[in-house]
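Everything below concerns the one structure shown next.
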Amino acid sequence: MMPIRDVVIFPHMMTPFVVGRDSSVRALEEALATEKKIFLATQHDAAVDEPRPEDIYTVGTIANIVQSVRMPDGNIKVLVEGAERAKVVSVNDDDGFFRATVRVFPSRIDPAANVEGVVARVTSLFEQYVKLSQNVNYETMVAAIRVDDPSKLADTVGANLQLTIEEKQELLEIFDPLDRLTRVSDLLDIEIEKLNVDRQIQGRVKRQMERAQKEYYLNEKIKAIQKELGRGEKSEFDELRKKIDDAGMTKDAKEKALTELRRLEQMPPMSAESTVSRNYLDWMLAVPWKKKTKEIRDLRYAEEVLESDHYGLEKIKERILEFLAVRRLVKNPKGSILCFVGPPGVGKTSLGMSIAKATGREFVRLSLGGVRDEAEVRGHRRTYIGALPGQILQMMKKAGTRNPVFMLDEIDKMSTDFRGDPSAALLEVLDPEQNFMFMDHYLDVEYDLSEVFFIATANVLHTIPPALQDRMEVIRLSGYTELEKMEIAKRFLVPKQMKACGLDEQCEFTAAGLMTLVQGYTREAGVRNLEREIGNCCRKVARRIVNHESDQAKVETRDQAGFEKVVVDEPKVVELLGPRRFRDLATEKKPQIGLATGLAWTEVGGQMLTTEVTIMEGRGRLTTTGKLGDVMQESVQAAMSFIRSRGQALSLPKDFYRHLDVHVHVPEGAIPKDGPSAGITIATAIASALTRIPVRGDIAMTGEITLRGRVLPIGGVKEKLLAAHRHGIYETILPGDNEKDLADVPDNVKKEMKLHFVESMDEVLKLALAGDLSSFDLKSPQAVDVAAIVKSAEENRPH
């Protein structure tokens with residue numbers, strides 16, 4: 001008996017191994033000297049050099065020694081062939097080697113068992129195994145298993161499987177051939193599954209390696225080509241490091257960028273984290289850190305640019321020129337933050353573009369309408385998938401310089417929700433004391449915005465938080481007068497629309513035609529609708545020219561192309577656009593009883609506001625209609641109380657209010673109205689209705705009324721006067737304290753209009769009522785005799 005290590009010998013298998021231990025050599029020599037048969041059993045632990053009988057498995061294989069060769073080092077190389085499995089009965093080692101008495105178990109197969117099916121399954125599985133395995137020869141193995149003996153088939157397959165020593169020994173110890181075949185079948189299933197998984201993994205690894213090798217090969221080839229071209233062998237990381245050094249970052253930003261670069265160098269190029277780091281470095285390098293646009297500080301040039309781009313707007317042009325003058329005197333001034341507030345279409349956005357052109361700076365525009373996420377301003381943190389810097393830094397990247405003109409359009413249209421308040425995030429951006437260290441969540445380093453010229457635009461101020469208003473210099477843009485609209489149309493709108501419609505000399509707008517467009521087809525503070533109507537005329541003229549259907553009655557000359565020149569005057573405008581959309585108020589300028597014309601302010605400029613009062617028999621009820629707000633309803637009550645207190649002065653019956661109902665209506669009924677500035681208008685209309693004296697139709701008024709008849713100041717004087725001028729009313733009553741606001745009113749409007757500044761309601765009635773007021777005592781406030789009123793009430797009380 002010879003104990004063997006790290007191998008299990010199966011019957012019918014030829015196995016070579018080397019014998020080196022003294023006891024094993026003596027046992028081999030004894031076997032060679034007799035019948036050349038030896039019992040081979042495997043050790044439990046291969047590390048034991050001198051095993052005892054209990055260290056050896058009891059089941060082994062009786063083998064025939066086919067060949068033995070003694071080697072120079074004293075070891076013997078031997079080739080054995082397994083004959084049959086046997087089990088140890090007893091072992092002794094008296095002669096310096098083991099002698100074993102063994103029992104042989106002949107292989108018997110139950111004739112009723114389905115042996116053929118199991119053999120076919122094992123044969124098929126082993127063929128699959130051999131195909132998948134790289135360690136065995138397919139032809140040799142397939143030939144080896146073409147045997148009729150199931151026992152031999154099981155041993156042959158078991159010997160050629162890649163199993164552990166314990167698994168092979170377990171297989172050797174199964175004496176029943178059918179059980180052994182079943183066990184071999186199970187092992188083959190497991191091994192085939194392992195090989196399939198290994199093949200998939202190897203295929204995936206191979207593809208990755210092929211891709212990596214391809215990239216490596218191509219990179220090396222690019223390096224070789226660049227070397228041949230004399231461009232050196234700088235790596236991508238070296239280029240990034242050079243860009244970081246040249247970017248002009250702050251100290252903290254540079255340290256953070258270099259730290260990120262070192263992290264990127266240590267990451268696998270295909271990892272997701274490397275993409276995040278690379279995107280971060282790209283953004284750090286894309287944002288301008290030191291590049292600045294050289295400013296144009298020539299005031300004459302700036303003035304020429306502003307005048308050529310915009311007509312009027314003198315106050316804003318003066319502010320811009322003052323800003324440029326300061327920049328010329330101060331080396332490092334802080335950036336300015338302006339806020340243009342005005343109705344739509346007055347040129348707020350285009351004015352920002354003109355400022356950029358006049359100063360020679362880059363221009364970027366960010367629309368804040370509907371923005372409700374604070375991350376839109378400050379960006380997302382890098383931990384989020386798809387994170388980006390905020391719109392502020394994105395626009396700075398687009399500008400490419402540190403000192404652009406940055407327009408924050410529609411700043412009054414921002415809203416808030418559960419994601420934060422973007423207007424609160426703008427507090428840092430628009431504060432000159434803080435924006436030199438603006439912190440974006442994505443970059444997470446301080447960025448200097450102090451040299452940016454911020455311009456915000458808004459239609460109204462009341463939706464902008466007070467803290468944000470406080471950080472901006474508010475400049476109001478009121479509506480244009482009719483003359484200004486005419487000039488703007490002549491200089492800018494007509495050439496622009498004619499070019500857009502492909503017209504050259506075939507069309508001409510007269511002053512009368514433009515005035516018709518301004519007065520009859522638009523009612524706005526700006527010029528946006530006016531531009532649309534001019535474009536509408538141009539398109540209709542273009543169609544007529546193309547169809548050769550020009551109106552012969554208006555032909556004056558023919559241009560070179562043979563088309564008839566169309567002169568757009570007042571009749572032609574009506575012909576092209578149809579009847580006027582806005583009727584002239586001339587018919588309403590006649591004096592009427594109970595109808596007074598007031599002035600109102602809206603978000604799109606000033607408007608006319610008529611007030612109607614009618615008197616009916618009743619019980620002293622006061623009714624208001626026209627969708628009036630709380631403040632305006634209180635103004636109606638105050639006006640009525642004033643009229644009742646001045647009833648005697650107005651020659652009204654003593655208890656007139658007890659037998660009459662007063663109805664105050666302010667058209668149009670569907671439009672909400674509020675505010676105190678209609679107080680004197682309402683009082684005048686009530687006085688007219690009660691005294692039956694008509695109110696002048698050619699005069700408009702605005703002002704707040706008190707119970708004692710004082711007229712208090714109101715807002716929006718410029719817009720209201722422009723509205724009166726636009727509607728052809730050239731006489732206006734204003735509160736005395738509003739005389740200071742005339743500085744903002746255009747000179748041509750002040751020259752054409754007759755303005756009355758009043759302190760009391762009596763002055764208003766003298767100016768507004770068109771009738772004989774000699775019987776009225778309108779000199780001083782009327783004293784009320786309370787005792788007489790009480791005595792009269794007692795006398796009239798029913799018993």
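The values are calculated or read from the model by the stated rules, or taken from the named source; none is laboratory data. Just so we're clear, the structure is a prediction, and the values are computed from it rather than from any experiment. Positions of Cβ are generated from backbone atoms using ideal geometry, with glycine treated the same way; all protein chains shown enter the neighbour counts. Ligands, DNA and RNA are excluded from the accessible area calculation, which covers all protein heavy atoms including side chains. Shrake-Rupley method; radii C 1.70, N 1.55, O 1.52, S 1.80 Å.
Side notes on the structure shown:
- What the Cα convex hull of the range 173-324 gives, in volume per residue, is 295 Å³.
- Ligands, DNA and RNA left out, the accessible area of the chain computed with a 1.4 Å probe is 50% carbon and sulfur.
- Scalar couplings 3J(HN,Hα) for the range 659-670, obtained by applying the Karplus form with A = 6.51, B = -1.76, C = 1.60 to θ = phi - 60°, are 10, 10, 9, 10, 10, 9, 10, 10, x, 8, x, 8 Hz; x denotes Gly and Pro.
- Over the chain: helical MRE at 222 nm, DSSP H runs n ≥ 4 each giving -39500 (n - 2.57), nearest 500: -13000 deg cm²/dmol
- Backbone amide hydrogens, once placed in the peptide plane, bring GLU84 within less than 5 Å of ILE62, excluding anything fewer than 5 places away on its chain.
- Residues in the range 335-357 reached by a label modelled at THR602 [backbone nitrogen below 13 Å; 7 Å Cα→Cβ]: 343-344
- P(r) tail, the range 431-515: Cα-Cα pairs separated by more than 18 Å, 67% of all pairs.
- You can think of it this way: the chain between MET270 and ARG21 has 84.2 nm of extra reach, that is 0.36 nm per residue less the Cα-Cα gap.
- Rounded accessible area per residue of the chain, 1.4 Å, Å²: 52
- A cut-off of 5 Å between modelled amide H atoms, ignoring neighbours fewer than 5 places along the same chain, links ASP440 with VAL445, TYR447.
- The range 709-776 and the range 86-133: distance between their alpha carbon centers, rounded to Å: 123
- Segment GLN67-ASN529, extension gain: residue separation times 0.36 nm, minus the distance between their alpha carbons: 155.1 nm
- Relative contact order of the chain, pairs being alpha-carbon contacts under 8 Å that are 6 or more residues apart, as %: 7
- Three-way shape call for the range 316-442 based on the alpha-carbon gyration tensor, with the a/c threshold at 1.5: prolate
- Entries in LYS590/LYS766; LYS627/LYS654; LYS294/LYS398; LYS331/LYS397 that, when Cα-Cα distance is taken, lie over 20 Å: LYS627/LYS654; LYS331/LYS397
- For the pair the range 259-310 and the range 31-51, the centres of their Cα atoms are 81 angstrom apart.
- If R0 equals 41 Å, the separation of the Cβ atoms of ASP238 and LYS206 corresponds to a calculated FRET efficiency of about 0.80.
- Label separation (LEU483 vs LYS291): 4.8 nm, computed from points 7 Å beyond Cα along the C-beta direction.
- Cross-link reach list, lysines versus LYS152, counting only Cα pairs under 16 Å and skipping chain neighbours closer than eight places: LYS168
- In this simple spin-label approximation, SER350 and VAL546 carry label points 7 Å from Cα along the Cα→Cβ vector, and these lie 2.6 nm apart.
- Rounded tilt (10° steps) of 236-246 against the dominant C-alpha axis of the chain: 30
- Extension gain for the segment GLU304 to ASP470, taken as residue separation times 0.36 nm less the Cα-Cα distance, is 56.6 nm to one decimal.
- To the nearest ten degrees, helix 314-329 and the longest principal axis of the Cα atoms of the chain are 60 degrees apart.
- Averaging the sequence gap over all C-alpha pairs within less than 8 Å and six or more residues apart, then dividing by the number of residues, gives the range 471-546 a relative contact order of 42 percent.
- The modelled label-to-label distance for the pair ARG146/LYS413, using points 7 Å beyond Cα in the direction of Cβ, is 8.6 nm.
- Estimated FRET transfer efficiency when R0 is 60 angstrom, pair GLU255-GLU570 (beta carbons, to 0.05): 0.25
- Unpartnered cysteines - no second Cys beta carbon under 4.7 Å - across the chain: CYS339, CYS507, CYS537
- Reachable lysines from LYS223, criterion Cα separation under 19 angstrom, eight or more residues apart if same chain: LYS214, LYS234, LYS242
- Peptides ranked, highest mean first, by Cβ atoms within 10 Å: ranges 515-526, 20-31, 713-724: 713-724, 515-526, 20-31
- Sorting HIS44, HIS663 by solvent-accessible area of protein heavy atoms yields HIS44, HIS663, largest first, with a 1.4 Å probe.
- For a label point 7 Å along the Cα-to-beta-carbon line of LYS131, residues of the range 144-174 with backbone N under 18 Å: 144-146
- Normalised radius of gyration (Cα atoms, divided by 2.2 N^0.38 Å) for the range 679-722: 1.27.
- Rg [Å, one decimal], Dmax [Å, integer] - the range 608-751, C-alpha atoms: 15.7, 50
- For the range 532-543, backbone phi angles converted through the Karplus equation (6.51, -1.76, 1.60; θ = phi - 60°) give residue-by-residue couplings of 4, 5, 5, x, 4, 4, 4, 5, 5, 5, 4, 5 Hz, Gly and Pro being listed as x.
- Percent of Cα pairs exceeding the 20 Å cut-off, where the set is the range 408-556: 65
- DSSP beta bridge pairing in the chain, given as percent antiparallel to the nearest 5: 55
- Cα gyration tensor category, rounded, prolate or oblate, for the chain with a/c compared to 1.5: prolate
- Size of charge dipole - the range 603-745 - debye, nearest 20, with Cβ of Lys, Arg +1 and Asp, Glu -1, no other charges: 580
- Isotropically averaged projected area of the range 477-532, using the convex hull of Cα atoms (one quarter of hull area), nm²: 3.8
- Straight-distance candidates among the lysines for linking to LYS718, with alpha-carbon spacing under 17 Å and chain neighbours fewer than 8 residues away dropped: LYS315, LYS485, LYS740, LYS750, LYS751, LYS754.
- The range 384-460 and the range 174-249 have Cα centres separated by 45 Å.
- Annotation: amide H-H contacts under 5 Å for LEU609 (H modelled 1.01 Å from N, sequence separation of 5 or more, or interchain): GLY598, LEU599, ALA600.
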